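Chemist: Here it is: the structure, laid out below.
The values are calculated or read from the model by the stated rules, or taken from the named source; none is laboratory data. Model, not experiment: these values are computed from the prediction. Every residue, glycine as well, gets a Cβ built from its backbone with ideal geometry; the counts of neighbours run over all protein chains shown.
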Amino acid sequence: MGQPFYIQLQNRPGELGHLARALAARGLNIEHISGSSAGGQLCVMVTTDDDEATRDVLHGMGVPFVVGDALHVEIPDVPGSLADLSERLAAAGVNITGILVAGRRAGICEVAVTVDDEEKARQVLGLPPIHVLAHEG
């Protein structure tokens with residue numbers, strides 16, 4: 001899955017179509033999309049098959065957006081699991097900026113979560129730290 005882009009659009013007819021057409025015009029395939037509105041604003045989360053080209057399209061459109069790397073977390077597929085995950089992150093001062101159910105299997109719910117402090121979230125969730133690879137000269 002590519003990086004999730006969280007895009008703010010005006011909540012009016014044709015805005016989502018305009019976004020989809022702009023991505024298609026660059027040959028970008030939408031892999032995932034979700035959205036919801038509140039008042040005059042529509043927030044859309046989209047992943048495509050090319051992060052850099054998506055960033056270029058959004059800049060060209062002049063729409064506000066943020067990009068976040070997703071942490072992939074497996075939680076039990078039972079009531080309260082999302083609350084538990086959210087509360088663990090909140091207790092550490094980590095804010096969830098986006099979430100997507102990426103799949104389900106045999107009692108497990110796979111979620112992709114973006115946060116404002118990835119390093120701290122990885123510690124809280126017991127995920128491996130980010131490693132920077134050094135190149136040998």
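Chemist: Could you grab me the full set of residues in segment 56-74 that are within 14 Å of the chain's Cα centre (by Cα) and over 13 Å from residue 109 (Cα atoms)?
Modeler: Result: 65, 66, 67, 68, 69, 70, 71.
Chemist: Only one of (1) surrounded by 15 or more Cβ atoms within 10 Å (Cβ to Cβ); (2) in contact with a helix residue (DSSP H, G or I) (Cβ under 9 Å, 6 or more places away or on another chain) is not met by residue 45, so which one is it?
Modeler: Checking residue 45 against (1) surrounded by 15 or more Cβ atoms within 10 Å (Cβ to Cβ); (2) in contact with a helix residue (DSSP H, G or I) (Cβ under 9 Å, 6 or more places away or on another chain), the one that fails is (2).
Chemist: Also, quick follow-up: Determine which member of the set 116, 84, 77 is under 15 Å from the mean Cα position of the chain (by Cα) and surrounded by 10 or more Cβ atoms within 10 Å (Cβ to Cβ). Explain how you work it out, then say what you get.
Modeler: Working: 84 fails: under 15 Å from the mean Cα position of the chain (by Cα); 77 fails: under 15 Å from the mean Cα position of the chain (by Cα).
Answer to the selection: 116.
Chemist: Give the residues of segment 53-73 that are over 17 Å from residue 120 (Cα atoms) and either modelled with pLDDT of 95 or more or assigned to a loop (DSSP other than H, G, I, E, B) (or both), sorted by residue number. Don't jump to the end; show me each part of the working.
Modeler: Here is the first cut: in segment 53-73, the ones over 17 Å from residue 120 (Cα atoms) are 53-67.
Once the filter is applied, which keeps residues that are over 17 Å from residue 120 (Cα atoms) and either modelled with pLDDT of 95 or more or assigned to a loop (DSSP other than H, G, I, E, B) (or both), segment 53-73 yields 53, 54, 55, 56, 57, 58, 59, 60, 61, 62, 63, 64.
Chemist: Also, quick follow-up: I'm told residue 35 meets every condition in (1) outside the structural domain of residue 14 (by TED's automatic domain parsing); (2) among the small types (Gly, Ala, Ser); (3) surrounded by 10 or more Cβ atoms within 10 Å (Cβ to Cβ) except one. Can you identify the failing condition by its number?
Modeler: Unmet condition: (1).
Chemist: Taking residue 40, is it loosely packed, with under 14 Cβ neighbours inside 10 Å, small (Gly, Ala, Ser), under 30 Å from residue 11 (Cα atoms) and out of contact with any Ser or Thr (no Cβ under 9 Å at 6 or more places or on another chain)?
Modeler: Values: loosely packed, with under 14 Cβ neighbours inside 10 Å: yes; small (Gly, Ala, Ser): yes; under 30 Å from residue 11 (Cα atoms): yes; out of contact with any Ser or Thr (no Cβ under 9 Å at 6 or more places or on another chain): yes.
For residue 40, the condition - loosely packed, with under 14 Cβ neighbours inside 10 Å, small (Gly, Ala, Ser), under 30 Å from residue 11 (Cα atoms) and out of contact with any Ser or Thr (no Cβ under 9 Å at 6 or more places or on another chain) - is met.
Chemist: Right, next: Please determine, by comparing only the residues of segment 95-137 that are among the polar types (S, T, N, Q) and modelled with pLDDT under 90, which one is nearest to residue 73 (Cα to Cα).
Modeler: Here is the first cut: in segment 95-137, the residues among the polar types (S, T, N, Q) are 95, 97, 114, 123.
Those still in the list that are modelled with pLDDT under 90 too: 97, 114.
Numbers: 97: 15, 114: 11 Å.
Result: 114.
Chemist: Which one is nearest to residue 113 (Cα to Cα), of the residues in segment 35-52 that are touching a strand residue (DSSP E or B) at 6+ places or on another chain (Cβ under 8 Å) and assigned to a loop (DSSP other than H, G, I, E, B)? Walk me through how you get there before you give the answer.
Modeler: Of all residues in segment 35-52, those touching a strand residue (DSSP E or B) at 6+ places or on another chain (Cβ under 8 Å) come to 35-37, 40-49, 51.
Within this subset, residues satisfying the condition of being assigned to a loop (DSSP other than H, G, I, E, B) are 40, 49.
Details: 40: 26, 49: 19 Å.
Within segment 35-52, the match that is nearest to residue 113 (Cα to Cα) is 49.
Chemist: Let me ask something additional. If we keep just the residues of segment 1-23 that are in contact with a Gly (Cβ under 9 Å, 6 or more places away or on another chain) and in a strand (DSSP E or B), which is surrounded by the fewest Cβ atoms within 10 Å (Cβ to Cβ)?
Modeler: Looking only at segment 1-23, we keep the residues that are in contact with a Gly (Cβ under 9 Å, 6 or more places away or on another chain), and these are 3-7, 9-12, 16, 22.
Filter once more, keeping what is in a strand (DSSP E or B): 5-7, 9-10.
Numbers: 5: 23, 6: 17, 7: 23, 9: 20, 10: 13.
Restricting to residues being in contact with a Gly (Cβ under 9 Å, 6 or more places away or on another chain) and in a strand (DSSP E or B), the top hit is 10.
Chemist: Same structure, new question: Among all residue pairs at least 6 apart or on different chains, which show Cβ distances below 7 Å where the first residue, located in segment 13-26, is modelled with pLDDT of 95 or more and the second is surrounded by fewer than 16 Cβ atoms within 10 Å (Cβ to Cβ) and part of a helix (DSSP H, G or I)?
Modeler: 22/61; 26/53
Chemist: Taking residue 100 as the residue in question, decide whether it is in contact (Cβ under 8 Å) with a residue 12 or more places away in the chain, assigned by TED's automatic domain parsing to the domain that holds residue 112 and surrounded by 13 or more Cβ atoms within 10 Å (Cβ to Cβ).
Modeler: On the way: in contact (Cβ under 8 Å) with a residue 12 or more places away in the chain: yes; assigned by TED's automatic domain parsing to the domain that holds residue 112: yes; surrounded by 13 or more Cβ atoms within 10 Å (Cβ to Cβ): yes.
Yes: the conditions hold for residue 100.
Chemist: Then there is this: Look at residue 32 and say whether it is closer than 29 Å to residue 130 by Cα and in a strand (DSSP E or B). Walk me through it before giving the result.
Modeler: On the way: closer than 29 Å to residue 130 by Cα: yes; in a strand (DSSP E or B): yes.
Taking the combined requirement at face value, the residue satisfies it.
Chemist: Hey, another quick one. Can you tell me how many residues in segment 76-95 are in a loop (DSSP other than H, G, I, E, B) and not hydrophobic (A, V, I, L, M, F, W, C)?
Modeler: Total satisfying the criteria: 5.
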